[in-house]
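One structure is given here, and the rest of the page talks about it.
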């Protein structure tokens with residue numbers, strides 16, 4: 001297998017990151033700088049922002065984790081649900097769920113308690129959390145100095161150019177992380193709550209589509225189990241040679 005394929009194979013979406021073993025900020029910063037310099041953007045229009053929340057924002061990240069509630073009864077806490085904004089109850093469920101993820105036995109680390117009613121996308125508590133969100137596509141000051149035309153690119157629900165740019169950047173970052181044996185996990189399941197307000201999800205006040213996704217970065221928590229999702233279609237079901 002080629003080195004590139006090895007890197008692509010290493011990249012996985014994991015749920016639990018180590019809070020004890022944390023990549024150095026300089027390493028993550030260099031990965032982001034490399035991504036900025038190497039990953040293409042349509043028409044040189046950077047119509048998205050990337051905010052980086054480091055290890056010092058762990059309390060805010062837990063608030064985000066509560067807003068990623070999933071499972072059979074997740075609608076109880078979603079907007080319009082009977083327990084929406086009942087943060088005390090939701091936090092208790094989250095804490096119980098997190099305990100349920102701990103392996104029951106060191107000799108069989110993949111056997112865990114089941115918690116079918118609820119689940120959470122705990123990758124948002126990674127040491128580094130990137131938020132990709134929309135911005136008007138004005139040229140930057142540097143681009144203006146270099147002669148780029150100062151015009152506003154229309155952003156609408158039907159214009160997904162910024163999603164494309166953000167997604168390409170996010171996947172590129174995930175591969176650059178994998179090259180350093182660092183995991184990067186995507187998350188798109190969350191909702192906004194003023195009762196559990198966090199700056200991380202603040203762009204959602206402009207609409208769900210205003211955040212493309214969140215990307216958690218760090219080292220895997222080796223004490224936690226992880227089940228790889230292999231539910232993929234066959235190649236021939238997706239790709240058709242004409």
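Just one of the listed residues (45, 30) is surrounded by 13 or more Cβ atoms within 10 Å (Cβ to Cβ), farther than 25 Å from residue 204 by Cα and out of contact with any helix residue (DSSP H, G or I) (no Cβ under 6 Å at 6 or more places or on another chain), namely 30.
Residues are listed down the side, and each one gets a yes or a no for (1) over 26 Å from residue 24 (Cα atoms); (2) modelled with pLDDT under 85; (3) surrounded by fewer than 13 Cβ atoms within 10 Å (Cβ to Cβ):
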{"residue": "196", "(1), (2), (3)": "yes, no, no"}
{"residue": "209", "(1), (2), (3)": "yes, yes, no"}
{"residue": "216", "(1), (2), (3)": "no, no, no"}
{"residue": "219", "(1), (2), (3)": "no, no, no"}
{"residue": "229", "(1), (2), (3)": "yes, yes, yes"}
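Residues that are within 19 Å of residue 187 (Cβ to Cβ) and part of a loop (DSSP other than H, G, I, E, B) within region 72-86 comprise 77, 78, 79, listed in sequence order. For residues in region 126-136 being more than 9 Å from the chain's Cα centre (by Cα) and surrounded by fewer than 24 Cβ atoms within 10 Å (Cβ to Cβ), which is farthest from residue 66 (Cα to Cα)? Among residues in region 126-136 that are more than 9 Å from the chain's Cα centre (by Cα) and surrounded by fewer than 24 Cβ atoms within 10 Å (Cβ to Cβ), the one farthest from residue 66 (Cα to Cα) is 136.
Does residue 2 satisfy the condition of being loosely packed, with under 14 Cβ neighbours inside 10 Å and more than 20 Å from the chain's Cα centre (by Cα)? So residue 2 passes the test.
Checked against (1) in contact (Cβ under 8 Å) with a residue 60 or more places away in the chain; (2) within 19 Å of residue 131 (Cα to Cα), residue 7 passes all but a single condition, namely (2).
Taken over region 149-166, residues that are closer than 12 Å to residue 50 by Cβ and either under 15 Å from the mean Cα position of the chain (by Cα) or modelled with pLDDT of 95 or more (or both) amount to 1.
Considering region 174-205 alone, what residues qualify as being part of a helix (DSSP H, G or I), within 28 Å of residue 90 (Cα to Cα) and in contact (Cβ under 8 Å) with a residue 60 or more places away in the chain? Scanning region 174-205 gives 194, 195, 196, 199, 200, 201, 203.
Of all positions in region 169-186, none carries a residue that is closer than 16 Å to residue 125 by Cα, modelled with pLDDT under 95 and in the same structural domain as residue 8 (by TED's automatic domain parsing). For residue 225, the requirement of being assigned to a loop (DSSP other than H, G, I, E, B), in contact with a strand residue (DSSP E or B) (Cβ under 6 Å, 6 or more places away or on another chain) and under 24 Å from residue 90 (Cβ atoms) is met.
The values are calculated or read from the model by the stated rules, or taken from the named source; none is laboratory data. Being a predicted model, the structure only gives us computed values, none of them experimental. When we count neighbours, we look across all protein chains shown, and the Cβ atoms used for this are built from the backbone with ideal geometry, even at glycine.
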